[in-house]
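The values are calculated or read from the model by the stated rules, or taken from the named source; none is laboratory data. In this text the structure is predicted, and so the values were computed from the model without any measurement. Positions of Cβ are generated from backbone atoms using ideal geometry, with glycine treated the same way; all protein chains shown enter the neighbour counts. We work out accessible area using only protein heavy atoms, side chains counted, and drop any ligands, DNA or RNA first. Shrake-Rupley method; radii C 1.70, N 1.55, O 1.52, S 1.80 Å.
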Amino acid sequence: MWKINHSYIDGAFVPVQGNETVQCINPATEEVIGTLTLADREDAKHAIAAASRAQVAMGRTSKAERIDMLEQLQAAVLASTNEIRDTAIEEYGAPFARAQWVSRYASQSFTNAALVLKHFDLSRSVGDATVVMEPVGVAALFAPWNSTAGTICSKLASAIAAGCASVIKPSELSPLQTTVLAQALHRAELPKGVFNILLGRGSDVGDEISASPLIAKVSFTGSTATGKLIARAGIETMKRVSLSLTGKSASIILDDADLDIAIPLALNAAFMNNGQACVAGTRLLVPRTHAEDIINRVKSLVGAMVVGNPQDPATALGPLVNRAQFDRVQAFIRRGQAQGATLIIGGEGRPTGLDKGYFVRPTVFADVSSDMDIAQEEIFGPVLSIIAYDSQEQAITIANASIYGLQAYVFTRQLERAQRLATQLQAGSVLINRISPELLAPFGGVKQSGVGREFGVFGLEAFLEAKSIVSD
Ligand code: NAD
C-alpha cells in the first residue's frame, strides 16, 4: 500500500502541509493501492522560494557544470527505469511496451540535452553585439498523468541545460510515478532547490505557481483548456510560456500505400497508450476507392487486439485511467452512433470477459464526417474514426479541419509525395511511414495544440533569453 504525503523541496522529502487525502486506485482492478495527501498553496510557496534561492547559483553555472548535472540525472533515472515502468502500469494501466518506452526515454532526455548543450553557442557575435544566451529564471514545469516521467525529464533536462531552477507540478493523478521519479532524481545529488516537486490540485497549487511573480517561465504539457488558464495567469507578470496541448491527429493512408504496413502502424498510432496519447492518430483518412478493403482489415486487426492485464507484454490495450475517463469515453461512443457514424467494431460497455477495471472495447467508426463530435474532440480513449476522401486535396482539407494541429501521419510508397503533402498539413510534426518521433527534433503544436517547441535545440532555447551587449 502506497502512502504518499511528502513533497520534494530544497533537496529533501518534506511532509506536505495540505490536509486533503485522496485514494489511489489501480484502474485494472479498481482496488485501492494507496493514498495521496495533496500539497497546498503554502507548500507551493516553499517550493517556489527554494527554487528562487537555487536560481542565483544555478544561473551562474558553466556549460561543463550543467553537463555534469545532466549526466548525474541520466545515470540516476536510468537506474530506476524498471520502477518507473512498473508504476506507470500500476497507476494508469499503461500497456507494458508503452511504459517501457517512456521509462527509457526519461533517462535518454538528459543525454540528449547534454549533447545539445555541448554544441550550443551560449555566446555569439551579431554585428557589433555580443549576444549572450542567459537562463530565463525559475521555471515551472507542469506534467500530465499520461506521460509523467517522460514529460518531467525532458522539461527538466532543458531547464538544467539552460541554467534554470524549477518547480515541478505533475498531475495529482500520477503520485506513484512521481514518487519513484522524485526518488531517482534525488539520488543524482544536485544542489538543493535546483528542482522541487509537489503533487497538488491544479486549481490551487497549479494556480499558485502559474501566478507567482517569482516564476519567469512556464513549460506546460496538458489539455488546451488548462493551457489557456495558465497562459492567462502568466501574462500578468509576462512569463515566457510554452504550451504542449491537446491533439486530434490525422493519419492519412494514400492510395499507393502498402496496406500490410500502413494499417498496423495507423492502428498503433490510434490506440497507443490505450488511446490516451496527445499524439494519437484518432482520425484515419482513407481513399474512398480502398475504403471497403481498409475497413475490413481494420476490423479484423482490431478484433484480434488483446485487451486486459497491462502487465502482460502481449496486451495491446489496458484500462483507462479512471472511472471519469471511462464514462466520458462511453459517452463519446454513444454520441458517435447518435450522430450517424457506422460502428464497425467495439461499442459501449466492457470487453467480453472483463467485469471489473476501466476497460473499454477498442472501437472503430466508419462513415464519419468532420462535423461529428468524434471527429473534432479529443476522446482520449481507444476510439478511431475512419473518414473517406476522394482526392489528395480533399484529404488535406479534412486533416486540417480541426482546431488542433499537433501531429500527422502519412502512409505511402512515395516518399517525395508524402514530403510535399507534409508541407500542406497544419501540424507541428508529420511522421511518414513511422510512428516513433525524432527526439532531437522540435516537438509541439500549431493552432490550439500549443505554443512553442520542446526537445533538442528548440527545447533548450525555450528556457533561454538573449541579451545583446553592444560596445564601441
Ligand atoms: P490537464 O490539463 O488536466 O492537467 C495537466 C496538468 O495541469 C496537471 O499537472 C494538472 O494538475 C495541472 N493543472 C490543472 N489545472 C490547472 C490550473 N488551473 N493551473 C495550473 N495547473 C493546472 O491534463 P491531463 O488530463 O493531465 O492530461 C491529458 C491532456 O494532456 C490531453 O489533452 C492530452 O492531449 C494532453 N497532453 C499533451 C501532450 C503534448 O505534448 N502536446 C502530451 C501529453 C498530454
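Checking the conditions here, which among Ile209, Ile215, Ile168 is under 30 Å from Ile67 (Cβ atoms), part of a loop (DSSP other than H, G, I, E, B) and among the β-branched types (Val, Ile, Thr)? Spell out the reasoning first.
Values: Ile209 fails: part of a loop (DSSP other than H, G, I, E, B); Ile168 fails: part of a loop (DSSP other than H, G, I, E, B).
Unique residue meeting the criteria: Ile215.
Looking at Asn268, Asn296, Asn309, Asn273 in this structure, which one is under 30 Å from Gln23 (Cα atoms) and more than 16 Å from the ligand (Cβ to nearest atom)? Break it down stepwise before answering.
Values: Asn268 fails: under 30 Å from Gln23 (Cα atoms); Asn296 fails: under 30 Å from Gln23 (Cα atoms); Asn273 fails: more than 16 Å from the ligand (Cβ to nearest atom).
Of Asn268, Asn296, Asn309, Asn273, the one residue that is under 30 Å from Gln23 (Cα atoms) and more than 16 Å from the ligand (Cβ to nearest atom) is Asn309.
Report yes if Ser391 is without any contact (Cβ under 8 Å) to a residue 60 or more places away in the chain, over 21 Å from Leu259 (Cα atoms) and among the hydroxyl-bearing types (Ser, Thr, Tyr), otherwise no.
Working: without any contact (Cβ under 8 Å) to a residue 60 or more places away in the chain: yes; over 21 Å from Leu259 (Cα atoms): no; among the hydroxyl-bearing types (Ser, Thr, Tyr): yes.
The answer is no for Ser391.
Hey, any hits in segment 112-123 for a residue that's in contact (Cβ under 8 Å) with a residue 24 or more places away in the chain and within 27 Å of Ser223 (Cα to Cα)?
yes
Go through (1) near the ligand (Cβ under 8 Å from one of its atoms); (2) in contact (Cβ under 8 Å) with a residue 60 or more places away in the chain one by one and return the number of the condition Leu229 breaks.
(2)
Among Gly405, Gly428, which is the only one that is open to solvent by less than 10 Å² (accessible area, probe 1.4 Å) and either closer than 25 Å to Leu301 by Cα or not aromatic (Phe, Trp, Tyr) (or both)? Steps first, answer last, please.
On the way: Gly428 fails: open to solvent by less than 10 Å² (accessible area, probe 1.4 Å).
Answer to the check: Gly405.
If a residue has to be open to solvent by less than 90 Å² (accessible area, probe 1.4 Å) and outside any helix (DSSP H, G or I) to count, how many in segment 415-425 make the cut? Reasoning before the result, please.
Taking segment 415-425 and keeping what is open to solvent by less than 90 Å² (accessible area, probe 1.4 Å), we get 417-418, 421-422, 425.
Imposing the further condition that a residue be outside any helix (DSSP H, G or I) reduces the set to 425.
Here the count works out to 1.
Here is a check on your reading of the model: is Ala113 part of a helix (DSSP H, G or I) and buried (at least 24 other Cβ atoms within 10 Å of the Cβ)?
Numbers: part of a helix (DSSP H, G or I): yes; buried (at least 24 other Cβ atoms within 10 Å of the Cβ): yes.
Yes: the conditions hold for Ala113.
Among the candidates Ile333, Ile396, Ile374, which residue alone is in a helix (DSSP H, G or I), among the β-branched types (Val, Ile, Thr) and farther than 20 Å from Ile252 by Cα?
Working: Ile396 fails: farther than 20 Å from Ile252 by Cα; Ile374 fails: farther than 20 Å from Ile252 by Cα.
Selected residue: Ile333, the only one of Ile333, Ile396, Ile374 that is in a helix (DSSP H, G or I), among the β-branched types (Val, Ile, Thr) and farther than 20 Å from Ile252 by Cα.
Being surrounded by fewer than 24 Cβ atoms within 10 Å (Cβ to Cβ) and more than 12 Å from the ligand (Cβ to nearest atom) is the filter here, so list the residues in segment 240-259 that pass it.
Once the filter is applied, which keeps residues that are surrounded by fewer than 24 Cβ atoms within 10 Å (Cβ to Cβ) and more than 12 Å from the ligand (Cβ to nearest atom), segment 240-259 yields Arg240, Leu254, Asp255, Asp256, Asp258, Leu259.
Out of all the residues in segment 219-226, is one or more open to solvent by 10 Å² or more (accessible area, probe 1.4 Å), within 16 Å of the ligand (Cβ to nearest atom) and under 16 Å from Ser385 (Cα atoms)?
The answer is no; no qualifying residue exists.
Restricting segment 438-447 to residues that are assigned to a loop (DSSP other than H, G, I, E, B) and in contact (Cβ under 8 Å) with a residue 60 or more places away in the chain, which is farthest from the ligand (Cβ to nearest atom)? Working first, answer last.
If we filter segment 438-447 for residues that are assigned to a loop (DSSP other than H, G, I, E, B), which is where we start, we get 438-442, 444-445.
This time we only want the ones that are in contact (Cβ under 8 Å) with a residue 60 or more places away in the chain, so: 439-440, 444-445.
Values: Leu439: 13, Leu440: 16, Gly444: 7, Gly445: 6 Å.
It comes out as Leu440.
Within segment 464-471, is there a residue that is open to solvent by less than 40 Å² (accessible area, probe 1.4 Å) and either over 18 Å from the mean Cα position of the chain (by Cα) or within 15 Å of the ligand (Cβ to nearest atom) (or both)?
First pass over segment 464-471, keeping only residues open to solvent by less than 40 Å² (accessible area, probe 1.4 Å): 464.
Checking which are either over 18 Å from the mean Cα position of the chain (by Cα) or within 15 Å of the ligand (Cβ to nearest atom) (or both) leaves us with 464.
Within segment 464-471, one or more residues are open to solvent by less than 40 Å² (accessible area, probe 1.4 Å) and either over 18 Å from the mean Cα position of the chain (by Cα) or within 15 Å of the ligand (Cβ to nearest atom) (or both).
Taking segment 8-62, which residues are among the acidic types (Asp, Glu) and open to solvent by less than 30 Å² (accessible area, probe 1.4 Å)? Break it down into steps so the answer makes sense when it comes.
Of the residues in segment 8-62, the ones among the acidic types (Asp, Glu) are 10, 20, 30-31, 40, 42-43.
Result: Asp43, single match.
Which of the residues spanning segment 400-456 are among the basic types (Lys, Arg), farther than 22 Å from Gln108 by Cα and in contact with a Gly (Cβ under 6 Å, 6 or more places away or on another chain)?
Let us first name the residues in segment 400-456 that are among the basic types (Lys, Arg), namely 413, 417, 420, 434, 447, 453.
Filter once more, so that each one left must be farther than 22 Å from Gln108 by Cα: 413, 417, 420, 447.
Within segment 400-456, Lys447 is the sole residue that qualifies.
Scan segment 178-211 residue by residue and report those that are within 11 Å of the ligand (Cβ to nearest atom) and over 21 Å from the mean Cα position of the chain (by Cα). Working first, answer last.
Initial filter on segment 178-211 (within 11 Å of the ligand (Cβ to nearest atom)): 178, 198-211.
Once the filter is applied, which keeps residues that are within 11 Å of the ligand (Cβ to nearest atom) and over 21 Å from the mean Cα position of the chain (by Cα), segment 178-211 yields Asp204, Glu208, Ala211.
Kindly indicate whether any position in segment 416-423 is farther than 21 Å from Phe332 by Cα, within 16 Å of the ligand (Cβ to nearest atom), among the polar types (S, T, N, Q) and over 17 Å from the mean Cα position of the chain (by Cα).
Quick first cut of segment 416-423, residues farther than 21 Å from Phe332 by Cα only: 416-423.
Subsequent filtering for residues that are within 16 Å of the ligand (Cβ to nearest atom) retains none.
Looking for residues that are farther than 21 Å from Phe332 by Cα, within 16 Å of the ligand (Cβ to nearest atom), among the polar types (S, T, N, Q) and over 17 Å from the mean Cα position of the chain (by Cα), one finds none in segment 416-423, hence no.
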